[in-house]
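A short worksheet on the structure shown next.
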Amino acid sequence: MRYSAYSIIKQALSGNRLWTPAWREPEPKPHYDVIIVGGGGHGLSTAYYLAKEFGITNIAVLEKGYIGSGNVGRNTTIIRSNYLLEGNIPFYEFSLKLWEGLEQDFNYNAMVSQRGVMMLAHSDGQRDAYARRGNAMRMHGVDAELLDRKQLQTLMPYLNYDHARFPILAGLLQKRGGTVRHDAVAWGYARGADMRGVDIIQHCEVNAIRRDEQGRVTGVETNKGFIGCNKLALATAGHSSETARMAGLELPIETHVLQAFVSEGIKPVVDHVIVYGAGHFYISQSDKGGLVFGADIDYYSSYAQRGNLATVEHTMEEGVSLIPGLSRGKVLRAWGGVMDMSMDGSPIIDRTPIDNLYLNAGWCYGGFKATPASGFCFAHLIAKNESHHVSRFLRLDRFERGHMIDEAGKGPQPNIH
Ligand SMILES: Cc1cc2nc3c(=O)[nH]c(=O)nc-3n(C[C@H](O)[C@H](O)[C@H](O)COP(=O)(O)OP(=O)(O)OC[C@H]3O[C@@H](n4cnc5c(N)ncnc54)[C@H](O)[C@@H]3O)c2cc1C
């Protein structure tokens, strides 16, 4: 069923009785060409692009919970391509371009809102660094504008310019950045993949990876039995180390918790995405009026999808120091997700040393914005056995070779990235 104004009117006239489920609930087949483990944004978009762009449709996506129950439905919905390094800018810009046409492409309203992402600078050194980043972006054909304090005061009068410990000096604006309704992304990709014949199998947990005598992957053991495949693709985000370990692979990844918060609904006030450069606080306002915000990861490894109070306090302090008016609001909900923190803060889309095993991991807390490009590039890799040119730097062996993509300059300290 194609969604359109016509279909809404038709449904309304028939008492909304003709809607069909957006995807099927199939039983697993004994064997697939490709099995994707993980029904998050990256697994579902990979299935979608494999079917749509590369004509491979005999695919199963195996998800241990329900789709959207992982980070794709837990993030703060920010999309942008304001990166600095060669390995990242073209990849994230490709993603932003895919976001720009996504709703038409998969015929689903994902509420893509290009409201602008502003990164604030609080020292001369930081302003210089943002100028450099903006120039790097422009050299790659990506939009970037450096605004001075006066321009910021006109655009965002509610920020604390003078009385904060770190006064605001400038801001790097990417107008094409913004937000997207996160769970609609999972649903849109799931529906688009299902329409093309992909089996999305929920509540199907992979417990082991089976390999033959030559070491090649031949399938997975699940709570629904053994399922065979020609190619196995892991897209399990915060559980990447666990699933890779099932094939005997140790990854340069640690899992940490990231928390997010939403306030009670208030009148429109924050009409951009704002990133506080003196801390790591970011905030936007949802269409329902809730202020959606977050900050740093919790500083220890954990697989629990909940964080600690010290980080809650730290986040609130940063928020109030940037927007004093926040202190009068009420937090409605808080939650956590588990992040696959790589040792240089950049992701991995690559083949592995194990035959038939493909890896998509290391998204840290920035993988939502990458969802379209990650799916497209991973599908390209699985279908053609070679990297897409925008993801060619996102190799697993860069840690062995020392060719890190250390965007944040933090080195192998995932708790700082
Ligand atoms: C609080 C928070 C805020 C964030 N904010 C942003 C943001 O503003 N912008 C941004 O770009 N990124 C953000 N991120 C990061 C982003 O959400 C993730 O990097 C991205 O969603 C990870 O990819 P995914 O969607 O495929 O992950 P997930 O949705 O987590 O998908 C992985 C799936 O694998 C499944 N799985 C795991 N193990 C198995 C198994 N053994 N068998 C079967 N299935 C399995 C899991 O159940 C899960 O559903 C944020 C994350 C969090 C938690």
Members of region 400-412 that are surrounded by fewer than 18 Cβ atoms within 10 Å (Cβ to Cβ) and in contact (Cβ under 8 Å) with a residue 40 or more places away in the chain: D406, A408, K410, G411, P412
Strands (runs of 3 or more DSSP E) lying entirely in region 204-249 (those with 1 or more residues that are under 22 Å from P28 (Cα atoms) and within 25 Å of the chain's Cα centre (by Cα)): 206-211, 225-234
Flag for F226 being more than 28 Å from Y48 (Cβ to Cβ), touching a Lys or Arg at 6+ places or on another chain (Cβ under 8 Å) and among the hydrophobic types (A, V, I, L, M, F, W, C): no
Test: residue in region 37-57 that is farther than 30 Å from F281 by Cα, among the polar types (S, T, N, Q) and surrounded by fewer than 13 Cβ atoms within 10 Å (Cβ to Cβ): no
Residue count for region 172-183, restricted to those that are within 13 Å of the ligand (Cβ to nearest atom) and either assigned to a strand (DSSP E or B) or out of contact with any strand residue (DSSP E or B) (no Cβ under 8 Å at 6 or more places or on another chain) (or both): 5
Set R392, R351: member being without any contact (Cβ under 8 Å) to a residue 24 or more places away in the chain and assigned by TED's automatic domain parsing to the domain that holds D212: R392
Any chance Y130 is among the hydroxyl-bearing types (S, T, Y), within 16 Å of the ligand (Cβ to nearest atom) and over 19 Å from I323 (Cβ atoms): no
Whichever residue in region 357-388 is in contact (Cβ under 8 Å) with a residue 12 or more places away in the chain and away from the ligand (no atom under 16 Å from the Cβ) and, among such residues, is surrounded by the most Cβ atoms within 10 Å (Cβ to Cβ): H380
Filter result for the condition that a residue is near the ligand (Cβ under 10 Å from one of its atoms) and at pLDDT 95 or above, over E242, E221: E242
Leading residue by the ranking (nearest to I283 (Cα to Cα)) among those in region 142-196 that are buried (at least 20 other Cβ atoms within 10 Å of the Cβ) and among the polar types (S, T, N, Q): T179
Qualifying residue in region 385-400 (condition: modelled with pLDDT under 95, hydroxyl-bearing (S, T, Y) and part of a loop (DSSP other than H, G, I, E, B)): no
Output for region 46-94, where each listed residue is part of a helix (DSSP H, G or I), more than 8 Å from the ligand (Cβ to nearest atom) and of a type in the set (S, T, N, Q): T46
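Okay, residues lined up against (1) within 21 Å of the chain's Cα centre (by Cα); (2) part of a helix (DSSP H, G or I); (3) surrounded by fewer than 17 Cβ atoms within 10 Å (Cβ to Cβ); (4) away from the ligand (no atom under 12 Å from the Cβ):
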site: Y303; (1), (2), (3), (4): yes, no, yes, no
site: H314; (1), (2), (3), (4): no, yes, no, yes
site: G319; (1), (2), (3), (4): no, yes, no, yes
site: L326; (1), (2), (3), (4): no, yes, no, yes
site: G336; (1), (2), (3), (4): yes, no, no, no
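The values are calculated or read from the model by the stated rules, or taken from the named source; none is laboratory data. Source: prediction; values computed, not measured. Note that each Cβ is placed from the backbone with ideal geometry, even for glycine, and that neighbours are counted across all protein chains shown.
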